[in-house]
Structures are given as structure tokens and as C-alpha cells.
Amino acid sequence: MSAKIRMNTEYRNKLYNRIKDVFENESTEEREAFLKSREDFNTAQQSTFELANQVVERSYPKEDVATLRTFKKKYGQPCDVVAKDKCFYFAYTDTDNADDEGKPIENKSHFDFGLYGNLDGNESYGGEDQDQFAHAYFREELKAKGCNPDILPQQSGKDSNPYKTKHVDMCNKALGKDSSSRYGHDDDNTVGMTKDFNAPFYADVIGTSYCRSRAIACTKDEYEKFEQWRMAKANVVSKHTTWVSSITKQADQLKIGLKAYRYLSEGIELATELGINVDEAELVKTNSTGLTIYNPTNLANMIKGMKNKQSANTREAKILARKQYESVN
């Protein structure tokens, strides 16, 4: 009867990662809702930007943009007032409703079509929801680069800490975010996936100041469509959080169970009960040499093999040396 293989840290980690990987890839309601939210966002992003471009061109006609660019070419810096931007301050006046003073209510909000654009309508950047959207949107690409795109929902409710900061920074670096800029729309230094994502969503605007001071007029219907698009973006974050939270709860219980097991066979049995096929022989085979010594038979054979090999080599070397000596003499 072969000796049972004792559980150890490496076996636990291998089993944990194998089972958790199944958790992440199995079709669940939470996962499907997350994937659908990204598809819905892609549709909304394209159609809503087309609408935004039309609204922008109403305020800044193409012919005026072309004229000002001609002036810039002729007169230089004093006429440098045209630029491409992906964030816009849209506003409309609600004549059907009034404030306490009887004046029509003006509704205005900031809409940024960039990967790291804000989700709350304020002209502010650096929020965790902005990072999480970017990480969730490019989740598979980040995983392939060895990053953890689920770090923010995994750390939800926890104080800032080095572990969290490390993985957030790794994701942002892999995505090509410009971390040196104070403003999310000053993205001249963005590269890679961030730059590629942002590229199709720029429109020509006239003016030298930031979004807040160049409110662009739109209708109530257009404004509501912009808000719906931003809700679709926020929904990606929400669905990502829900899905990752469900995986985290399962993984936490898995970790507790594996820690309590004394033998590898118990972990294999758990995987089997979960419908996951794990080959014990393959697990042991791919394990590091240093940890296979938990099996007494393996340890004994390894030690015997080392002794025999060393003894044989030494005896053969002595015989060869003696023959060489006798042939010379």
C-alpha cells in the first residue's frame, strides 16, 4: 500500500489556482451579466459618440474649424484655438421646470469618452471607478500580461495598502495610462491599449480652455442619451464587482478548506466533488523536487539513487585512474 502524500503549501496553491481558474471561466449568471454589460457598452459608446460629434459640430461647424486652422498656419500661435478632444461639457435648459427663483433649470454635465473618463459627471479624475472600468474592459488582456484586473473589487471596503496599490499600478501601466498627468483628458503621453481605445473618440472643438468653461448646448433628448451611455459604462463596473465578489466568496471558502486538509487526496476529492478533474499523478509529477520528499518512498529512492550514483562513479574513476597509472609505468 503506497503512502499517502501529505498536503503542503505548493500542493495547496496548485489546487487553489486550478479550482479558482474554473470558477472564473464557468458560465454563471454573474459572469454572463458582466460580459453582456461590456457588449452593451461597446454598442452605446459608438452610437453615443456619433451623436456627441453631431452636437459638437453644431456649435463648432467644420467650415469654421477649417478657417481657423488656415489662420493658424498663416499667423501661428495667436490663432492656435482648434484642438481635438474626447471630453465635452454638454448642457441644456429645462424650460418645463424652474428653480426657487422661478428661473429655468440648467442641466449640465461632463462626458468623457476616453478609457479613463469619469463616471459621475464631474470634471475629476483619479477615482477607483475609472480605474476599475479600464481594468474590467480589458480584463482578458491584463490577465494575459500577468496582471490582476480584479484587484479593486477584491479589495472593496479595505483601506489603501501596498498590495492593492501595486496591482492597480501594474494594470494601469500595462494599459498605457499616462500617470504623469493631473487631468484625465491630457493624455498626450498615453500609449498602448489606452491610446488605441481613445483614438476613435475625438472631435474638433474651438477654444483654449478646459471642458467646464466651454459648455456645448444640446437638447433634453440628447442629454438623456448621453446619461444613458454613462450609465452603461458604470454598469460594467457594477457587473464586474458583482461577479468578482461571487468568485472571491467561493475562493475564500476554498482556501479555508484546503488549509485544513492533511493529505493531497482530500484536495483531489474536493475538486472531484466540484466537478473538476485533477490528476494527482500529474500534480506530483509537475511539483518541485524539494517538495516530493513528503512522500517517504520518493525520498528513500532519491537518496539511494544519489548514493549509488556517487559510489559507482567514484569506483569507476579509481579503476580508470589505476589503469592509466599502470600503462604509463
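The values are calculated or read from the model by the stated rules, or taken from the named source; none is laboratory data. Predicted model, so just to flag it, every value in this text is computed and none were measured. Glycine gets a Cβ as well: all are built from the backbone with ideal geometry, and neighbour counts include every protein chain shown.
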Out of (1) farther than 26 Å from Glu227 by Cα; (2) out of contact with any helix residue (DSSP H, G or I) (no Cβ under 9 Å at 6 or more places or on another chain); (3) without any contact (Cβ under 8 Å) to a residue 12 or more places away in the chain, what's the single condition that is false for Glu50? (1)
Test Phe49 against the stated conditions and say whether it is at pLDDT 95 or above, surrounded by 16 or more Cβ atoms within 10 Å (Cβ to Cβ) and not charged (D, E, K, R). yes
Select from segment 178-211 the residues that are buried (at least 19 other Cβ atoms within 10 Å of the Cβ), in a loop (DSSP other than H, G, I, E, B) and at pLDDT 95 or above and list them in ascending order. Phe201
Could you list, in sequence order, all residues of segment 140-168 that are among the acidic types (Asp, Glu) and surrounded by 12 or more Cβ atoms within 10 Å (Cβ to Cβ)? Glu141, Asp150
Output the residue which, of all residues in segment 59-112 that are loosely packed, with under 11 Cβ neighbours inside 10 Å and touching a residue at least 24 places away in the same chain (Cβ under 8 Å), is farthest from Asp204 (Cα to Cα). Lys62
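Determine whether Asn25 is of a type outside the set (Val, Ile, Thr), under 26 Å from the mean Cα position of the chain (by Cα) and under 30 Å from Asn277 (Cβ atoms).
yes
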Note on segment 85-106: residues under 19 Å from Val55 (Cβ atoms) and touching a strand residue (DSSP E or B) at 6+ places or on another chain (Cβ under 6 Å) are Asp85, Cys87, Phe88, Tyr89, Phe90, Ala91, Tyr92, Thr93, Asp94, Thr95, Glu106
Cβ-Cβ below 8 Å, separation at least six or inter-chain, first residue in segment 232-258 and at pLDDT below 95, second aromatic (Phe, Trp, Tyr) and not in a helix (DSSP H, G or I): which pairs? none
Please verify whether Gly126 is in the same structural domain as Val244 (by TED's automatic domain parsing), among the small types (Gly, Ala, Ser) and farther than 28 Å from Asp221 by Cβ, treating the condition exactly as stated. yes
Go through segment 252-274 and give me each residue that's surrounded by fewer than 17 Cβ atoms within 10 Å (Cβ to Cβ) and either touching a helix residue (DSSP H, G or I) at 6+ places or on another chain (Cβ under 9 Å) or among the basic types (Lys, Arg) (or both). Lys255, Gly257, Lys259, Ala260, Arg262, Ser265, Glu266, Leu274
